[in-house]
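Below is one structure, written out as structure tokens, with a few remarks after it.
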Amino acid sequence: MKNSLKVVIVVIVAIILIGTAFLVLYHPTEQFTDTAQTAAPEQLDPATGFFTTNGPLFSAVFNTLVEFNGSSTSVVPVLANHVYNPNDKNYTFDIRSYANFSNGQQLNASSVWFSFERGIIMG
């Protein structure tokens, strides 16, 4: 019984040492790329992409003014600082001052209006 316990301990220690050596010594030469979600370039446009499979792509690439709270039908601000809804027809969004596009241009009311208008025209 004692000999088999020693063998088990030696095997476990060997596995730990080999795993540690692999983690320390292995340096991939290529960048890891997640290819689980792929799409043609025209499907990456939120104004024209309507497939349900586009949802994860849009979530990874684009931020929205608000998003649904996961536990209810209420919305929480994302790019908006505050959302005011005085009635069912009017909404006012205070845009975060540090919200920028990937090119460094600041997000403003004109760019939000353009996105809404383009979505209406393209949709």
* Asked: Once the Cα gyration tensor of the chain is found, what semi-axes does its equivalent ellipsoid get, as square roots of 5 times the eigenvalues, in whole Å, sorted largest first?
  -> 50, 20, 16
* Would you list the membrane-span-like helices of the chain, meaning whole DSSP H runs whose alpha-carbon atoms span at least 18 Å along their axis and whose mean Kyte-Doolittle value is at least 0.0? => 2-25, 109-122
* Asked: By average Cβ neighbour count within 10 Å, what is the ranking of 52-62, 84-94 from highest down?
  -> 52-62, 84-94
* **Global form of the range 8-49, assessed from the alpha-carbon gyration tensor, a/c cut-off 1.5** => prolate
* Is any residue of the range 104-123 close enough, with backbone N under 16 Å, to a label point placed 7 angstrom from the Cα of Val66 along the Cα-Cβ axis, and if so, which? -> 113, 116
* Carbon and sulfur %, accessible surface of the chain computed with the full protein complex present, 1.4 Å -> 63 percent
* **Table column - 3J(HN,Hα) (Hz), the range 68-78, Karplus curve with 6.51, -1.76, 1.60, x for Gly and Pro** => 5, 5, x, 9, 8, 8, 7, 10, 10, x, 10
* To do: Quickly estimate the mean residue ellipticity at 222 nm for the chain, helices only: each DSSP H run with n ≥ 4 gives -39500 (n - 2.57), and the total goes over all residues, rounded to 500.
  => -12500 deg cm²/dmol
* Structure fact -> Residue-normalised value, i.e. accessible area per residue, for the range 1-51 at 1.4 Å probe, in Å², stands at 96 Å²
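The values are calculated or read from the model by the stated rules, or taken from the named source; none is laboratory data. Quick caveat, the model's predicted, so the values are computed rather than measured. Counting neighbours? That spans all protein chains shown, and the Cβs are built from the backbone with ideal geometry, glycine included. Just so you know, the surface numbers come from the protein's heavy atoms only, side chains and all, with ligands and any DNA or RNA stripped out. Shrake-Rupley method; radii C 1.70, N 1.55, O 1.52, S 1.80 Å.
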